[in-house]
Amino acid sequence: MKNIKPFILPVFVLVFLFLLYNFLYRDLSEPNIEFIPEMVYSVPYDAYSSNPHFPDGKTLRQPVKGTIARGYLPQYSDSKLTEENAGDHLFNPNKSGKSNLLRGEFVFRNFCQVCHGDTGKGDGTVIRKGVPPPPSLQTDKIKKMTDGQMYFIVSNGKGNMASYRSQVSREDIWKAILFIRTLK
Ligand code: HEC
């Protein structure tokens, strides 16, 4: 054991030089050693990765022609519809029930209340900051207005109110209208 001592320092120096050489002359174009790379490179095809198994070379598939995904009914697109005649063609498919009203309230509070106010009187937060106020939603005009006409206004916009057709689904607009009917 005694005669191992003189070798310790030279071995240390050699190992150090070896590591230093590897560090200085490492290939910078190569990535470092990766630990558990399975987490980074997943085995299945990612949504936007190319895919040799389909003719168009994409992983994401197009919806089957003539089908509509559940909950994504497109908005009505009939150029003959106007605010006046919409009530004769569009009808609210929902009955006023607890779950429909709850959803309608959720939609109203998220998309409409900023302008129309918490009770629909046209005194929302942005109105108090100087945006021109909308008319009250508690008037006789609104009571006489059909759900279809209201749908037309919400999905096409009117005056200073933008169209909500791309932000609020068909179902949700109808439910928000049910909720507007209950505003007092
Ligand atoms: C940016 C503010 C703003 C938001 C948000 C907004 N509105 Fe309006 N709304 C208005 C204005 C302003 C008018 C008046 C338009 C006009 O007659 O020129 C209006 C009009 C209406 C009318 C017709 C009222 C009438 O007496 O003719 C209905 C119904 C209505 N909004 C419903 C909604 C619903 C439902 C939402 C949410 C999906 C909504 N609005 C979101 C500003 C807004």
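Figures for the structure shown
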| item | result |
| --- | --- |
| Of all accessible heavy-atom area on the stretch 1-100, the percent that carbon and sulfur account for (1.4 Å) | 66 |
| Whole-angstrom gap from the stretch 14-51 to the stretch 137-180, using each part's C-alpha centre | 57 |
| Only Lys, Arg (+1) and Asp, Glu (-1) charged, at Cβ; the chain dipole about Cα centre in debye | 660 |
| Helical contribution to [θ] at 222 nm, DSSP H n ≥ 4, -39,500 (n - 2.57), averaged over the chain, rounded to 500 | -10500 deg cm²/dmol |
| Calculated on alpha-carbon atoms, Rg and Dmax of the chain in Å | 32.6, 107 |
| Long pairs among LYS144/LYS175; LYS65/LYS175; LYS80/LYS121; LYS80/LYS184; LYS80/LYS141; LYS121/LYS175, criterion Cα-Cα beyond 25 Å | LYS65/LYS175; LYS80/LYS121; LYS80/LYS184 |
| Mean accessible surface per residue for the stretch 116-184, computed with a 1.4 Å probe while every protein chain stays in place, in Å² | 56 |
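The values are calculated or read from the model by the stated rules, or taken from the named source; none is laboratory data. All of these numbers come straight from a predicted model, not from anything done at the bench. Cβ: placed from backbone, ideal geometry, glycine included. Neighbour counts: every protein chain shown. Side chains are part of the model used for accessible areas, which takes the heavy atoms of the whole protein and leaves out ligands, DNA and RNA. Shrake-Rupley method; radii C 1.70, N 1.55, O 1.52, S 1.80 Å.
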